[in-house]
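Undergrad: This is the structure, below, for whatever I ask next.
The values are calculated or read from the model by the stated rules, or taken from the named source; none is laboratory data. All figures in this text were calculated on a predicted structure; none of them were measured in a lab. No Cβ is skipped: glycine too gets one built from the backbone with ideal geometry, and neighbour counts run over all protein chains shown. Just the protein is used for accessible areas: all its heavy atoms, side chains included, with ligands, DNA and RNA removed. Shrake-Rupley method; radii C 1.70, N 1.55, O 1.52, S 1.80 Å.
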Amino acid sequence: MKLTATEIKAAKPKEKAYKLADGGGMYLEIFPNGTKSWRLKYRIGGKEKRVVFGVYPAVTLADARGRREEAKKILAAGGDPGQEKQADKQARVLSVQNSFEAIAIEWHEHKKGNWSEGYASDILEYLTKDIFPFIGKRSVNDIKPAEMLAVLRKMEQRGVLDKLKKTRQACRQIFTHAVITGRAENNPVTDLAGALKAPKQKHFPHLNVEQVPAFLNDLNGYSGSLVTRHATRLLMLTGLRTIELRASEWSDIDFDKGIWQIPAERMKMRRPHVVPLSSQVKFLLEEIHQLTGRGKFVFPGRNDAGKPMSEASINQVIKRIGYDGKATGHGFRHTMSTILHEQGYNTAWIETQLAHVDKNSIRGTYNHAQYLDGRREMLQWYADYMDALANGDNVVHGAFGKRA
């Protein structure tokens, strides 16, 4: 007798599990806890086997009978329904594990230790908002270049070209991660850069050498906070990024050795950075120490000494002395680089001082120590040169620092 939906619904649990047969080897097993499970009994090579079709009512009587017919076709073709079901289950698991979203999260976890907290957050936000909704659940091995182009074009159409560039680069790295870990065969993002609009290159406003004397004189005449005025001058003389300077702590400064050590966690590329102190920089720091030396930060916040000065502080000084749109804190790095290159200083010294990462990390670490004396000489010359410009002296340009 074949089962009916009424019989199945009315079947109640007993002290021990029991079965209700539907024919063809299929039955519904009712367990003491009330679970009703569809199963099929079959033989292969004289050996009895069973395969589970699912639990009622999620799997209806009609569904179970359909799965029984599929199992019979597999048996008739010489296959094993149980093994094929296990293979399907494994394929589904692999599909989830190999989804773009799963691999992207894995890649992000692996990489974020080398990034700033803000950058890591931004990358995950871009992926979550603009990529995961469209291809997140897809297996990385099934995603084609045309599909990736269509997804990235949505960002291009919104005009967010800076975000698009970072997102495209992240996607390329995610697929590379999938390829090298054996979960994808190709990288569909590799050749897409030329098919997408690139952001316009940003140039931070910066001073040329002819503008420096007037700027330094205007800065010296600034009547606001001595700390922010000195911070602005220190930014010019060290080539540090604004965040690297303003978050500095007094424990970073070693006056005896004449070095300013910035730990990896505060550097953009997560590598420690050492700045040799020129005599001018040392003098400015000593003056600041008289004002803020009892606290943690070299440049404490105006309203909260437990935090570093605000991001806008130095640019506010620049604005108030009349250089809004003509100079920025970050632009001082460009000015330093230009002047030192024109003076013939070793490019490697300059790039190391600006904390531009050497692509060869081993060589970069070696150079960090190798160039310290050279950078000390270079920064002292640069500080002397800035003083000469500010004083209106006749500056003699010579060939400096050309040794390796």
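Undergrad: Over the range 107-243, give the accessible area per residue in Å² for a 1.4 Å probe, as an integer. Provide the component values of the computation, followed by the final result.
TA: On the way: 7240 Å² over 137 residues.
So the range 107-243 comes to 53 Å² accessible per residue, rounded to a whole number.
Undergrad: How are the Cα pair distances of the chain distributed, in percent, across 10 Å bins from 0?
TA: Histogram of Cα-Cα distances, whole percents per bin: 4, 16, 18, 16, 14, 9, 6, 8, 7, 2, 0, 0.
Undergrad: Under 17 Å Cα-Cα from Lys326, which lysines qualify once same-chain neighbours fewer than 8 residues away are excluded?
TA: Straight-distance partners of Lys326: Lys202.
Undergrad: Report ³J(HN,Hα) in whole Hz for each residue of the range 320-330, in order, from the Karplus equation J = 6.51 cos²θ - 1.76 cosθ + 1.60 where θ = phi - 60°; Gly and Pro get x.
TA: These are the phi-based 3J(HN,Hα) values: 5, 8, x, 10, 4, x, 10, 8, 9, x, 5 Hz.
Undergrad: If you don't mind, another one. For Ser310, which sequence-distant residues (separation of 5 or more, or a different chain) have an amide H within less than 5 Å of its own amide H, given hydrogens modelled in the peptide plane?
TA: For Ser310, the qualifying residues are Arg302.
Undergrad: What's the carbon and sulfur percent of the range 45-188's accessible surface, probe 1.4 angstrom, rounded to a whole number? Show your work: numbers first, answer last.
TA: Details: 4230 of 8330 Å².
Carbon with sulfur: 51 percent of the solvent-accessible area.
Undergrad: Using 0.36 nm per residue of separation minus the Cα-Cα distance, give me the extension gain between Asp256 and Thr181 in nm, one decimal.
TA: Working: separation 75, 0.36 × 75 = 27.00 nm, distance 4.92 nm.
Contour length minus the Cα-Cα distance gives 22.1 nm.
Undergrad: With r as the distance between the Cβ atoms of Glu117 and Val55 and R0 = 35 Å, compute the FRET efficiency 1/(1 + (r/R0)^6) and round to 0.05.
TA: Details: r = 45 Å, r/R0 = 1.30.
Computed FRET efficiency for Val55 and Glu117 comes out at 0.15.
Undergrad: So, with +1 on the Cβ of K and R and -1 on the Cβ of D and E, and no other charges, what is the size of the charge dipole of the chain about its Cα centre, to the nearest 20 debye?
TA: Numbers: 63 positive and 45 negative charges, 527 e Å.
Computed charge dipole of the chain: roughly 2520 debye.
Undergrad: At 7 Å along the Cα-to-beta-carbon direction for both Ala388 and Lys307, put a label point, then send me their distance in nm to one decimal.
TA: About 4.3 nm, to one decimal.
Undergrad: Right, something else. Taking H as built 1.01 Å from N, whose amide H comes closer than 5 Å to the amide H of Asp22, not counting residues under 5 places away?
TA: Tyr27, Leu28
Undergrad: Figure the gain on full extension for His110 and Gln211 (residue separation times 0.36 nm, minus the Cα-Cα span) and round it to one decimal in nm. Kindly include the intermediate steps, with their values, before the conclusion.
TA: Working: separation 101, 0.36 × 101 = 36.36 nm, distance 4.52 nm.
Full extension of this stretch gives 31.8 nm more.
Undergrad: Another question, if that's okay. Among Leu284, Leu234, Leu61, whose mean-square fluctuation peaks in a Gaussian network model of the chain (Cα, cutoff 10 Å)?
TA: Leu61
Undergrad: If contacts are Cα pairs under 8 angstrom and at least 6 residues apart, what is the relative contact order of the chain in percent? Show your work: numbers first, answer last.
TA: Details: 478 pairs, mean separation 44.6, N = 404.
The normalised contact order for the chain reaches 11 percent.
Undergrad: So, one more: Whole-Hz ³J(HN,Hα) for each residue in the range 372-382, computed from phi via Karplus 6.51 cos²θ - 1.76 cosθ + 1.60 with θ = phi - 60°, x for glycine and proline: what do you get?
TA: In residue order, the calculated couplings are 4, 5, x, 5, 4, 4, 5, 5, 5, 4, 5 Hz.
Undergrad: Would you mind checking Lys9/Lys72; Lys16/Lys73; Lys12/Lys73 for any pair whose Cα atoms are more than 30 angstrom apart? List each step's numbers first, then the result.
TA: On the way: Lys9/Lys72 26 Å; Lys16/Lys73 33 Å; Lys12/Lys73 33 Å.
From Lys9/Lys72; Lys16/Lys73; Lys12/Lys73, over 30 Å: Lys16/Lys73; Lys12/Lys73.
Undergrad: If you only keep lysine pairs separated by 8 or more in sequence, or across chains, how many in the range 110-189 come under 18 Å at the Cα atoms?
TA: So the count works out to 13.
Undergrad: Where does each of 251-263, 380-392 land if you order them by average Cβ count within 10 Å, highest first?
TA: On the way: 251-263: 15.2, 380-392: 17.2.
Highest mean packing first, the order is 380-392, 251-263.
Undergrad: Using the Cα centre of the range 31-87 as the reference point, and only Cβ charges (+1 on K/R, -1 on D/E), how large is the resulting charge dipole? Debye, rounded to the nearest 20. Please list the in-between numbers first.
TA: Details: 13 positive and 6 negative charges, 41 e Å.
Once rounded to the nearest 20, the dipole reads 200 debye.
Undergrad: While we're here: Pop a pseudo-label 7 angstrom from the Cα along the beta-carbon direction at both Lys200 and Glu156 and give the gap in nm to one decimal.
TA: Roughly 1.9 nm, to one decimal.
Undergrad: Same structure again: With θ set to phi - 60°, apply the Karplus curve 6.51 cos²θ - 1.76 cosθ + 1.60 along the range 300-310 and write out the HN-Hα couplings as whole Hz, x wherever there is a Gly or Pro.
TA: Going residue by residue, I get x, x, 5, 9, 9, 5, x, 10, x, 4, 5 Hz, with x marking Gly and Pro.
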